[in-house]
1. Kindly provide the set of residues from the stretch 176-195 that are surrounded by 21 or more Cβ atoms within 10 Å (Cβ to Cβ) and over 17 Å from residue 30 (Cβ atoms), ordered by number.
2. Take residue 37 and tell me if it is surrounded by 13 or more Cβ atoms within 10 Å (Cβ to Cβ) and within 30 Å of residue 188 (Cα to Cα).
3. Restricting attention to the stretch 81-122, report how many residues are at pLDDT 90 or above and touching a strand residue (DSSP E or B) at 6+ places or on another chain (Cβ under 6 Å).
4. So how many residues does the stretch 28-66 have that are under 16 Å from the mean Cα position of the chain (by Cα) and part of a loop (DSSP other than H, G, I, E, B)?
5. Of the residues that sit in the stretch 198-213 and are buried (at least 23 other Cβ atoms within 10 Å of the Cβ) and either touching a helix residue (DSSP H, G or I) at 6+ places or on another chain (Cβ under 8 Å) or without any contact (Cβ under 8 Å) to a residue 24 or more places away in the chain (or both), which one is farthest from residue 54 (Cα to Cα)?
6. Report whether or not residue 14 is out of contact with any helix residue (DSSP H, G or I) (no Cβ under 6 Å at 6 or more places or on another chain), more than 20 Å from residue 173 (Cα to Cα) and surrounded by fewer than 17 Cβ atoms within 10 Å (Cβ to Cβ).
7. Kindly check whether there is at least one residue in the stretch 138-154 that is in contact with a helix residue (DSSP H, G or I) (Cβ under 9 Å, 6 or more places away or on another chain), outside any helix (DSSP H, G or I), closer than 27 Å to residue 40 by Cβ and at pLDDT below 90.
8. Is there a residue being touching a strand residue (DSSP E or B) at 6+ places or on another chain (Cβ under 9 Å) and surrounded by fewer than 23 Cβ atoms within 10 Å (Cβ to Cβ) anywhere in the stretch 142-158?
């Protein structure tokens, strides 16, 4: 069974007095332990799709199952609890808390979202910070970190709860070539070592080249005859 199953997902928004169709009858399955990338122009529906998978938005029509659980029917508290147990998020703008150190930012989900005992928190935070080569910078505040270091801290924060799925919205858009390649390599290593499933929305060809599965969205619909060139990836 697929880890993520979307069946007939549609989403409309009322903008002023006009209804806009963000997604139109999207059906897709995402297998566990894959790096799946959704590509398409701005406004195509990529971010909306990630928000729906991440229980931060609800479809107008259709069903969403993550790890066998129907998540589109969850209430606000149920959805928050599900995110804490199963999902990690990497945002384009990092979303680090400015008054917390890198260590405290990574620890935060283990305090507020998926509580863990103090000794376990210390071990898990240390492990993920070392994995992203950020242990030496653990006491620095976000404004003391470079863009690449902020992104690595954000990746560590997403992984510290050991989620089944990590959702990443344009995670390399603000990074230089070397840092972007390092982050992509890290996420592939996490996929291989921990079986983490990564789902991206991106314009970045560097991620597309490394993806296991590439899916294109245009005008809110999946494009079934994508012609991307990426060694080792399946094109759908």
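The values are calculated or read from the model by the stated rules, or taken from the named source; none is laboratory data. Computed from a predicted model, the values in this text were never measured in an experiment. Heads up, the Cβs are rebuilt from the backbone with ideal geometry, glycines too, and the neighbour counts pull from every protein chain shown.
1. Selection gives 183, 184.
2. Details: surrounded by 13 or more Cβ atoms within 10 Å (Cβ to Cβ): yes; within 30 Å of residue 188 (Cα to Cα): yes.
Against the criterion (surrounded by 13 or more Cβ atoms within 10 Å (Cβ to Cβ) and within 30 Å of residue 188 (Cα to Cα)), residue 37 qualifies.
3. Number of matching residues: 3.
4. Within the stretch 28-66, residues that are under 16 Å from the mean Cα position of the chain (by Cα) and part of a loop (DSSP other than H, G, I, E, B) number 9.
5. 207
6. So residue 14 passes the test.
7. No, the stretch 138-154 has no match at all.
8. Within the stretch 142-158 (the criterion being touching a strand residue (DSSP E or B) at 6+ places or on another chain (Cβ under 9 Å) and surrounded by fewer than 23 Cβ atoms within 10 Å (Cβ to Cβ)), the answer is no, since none of the residues qualifies.
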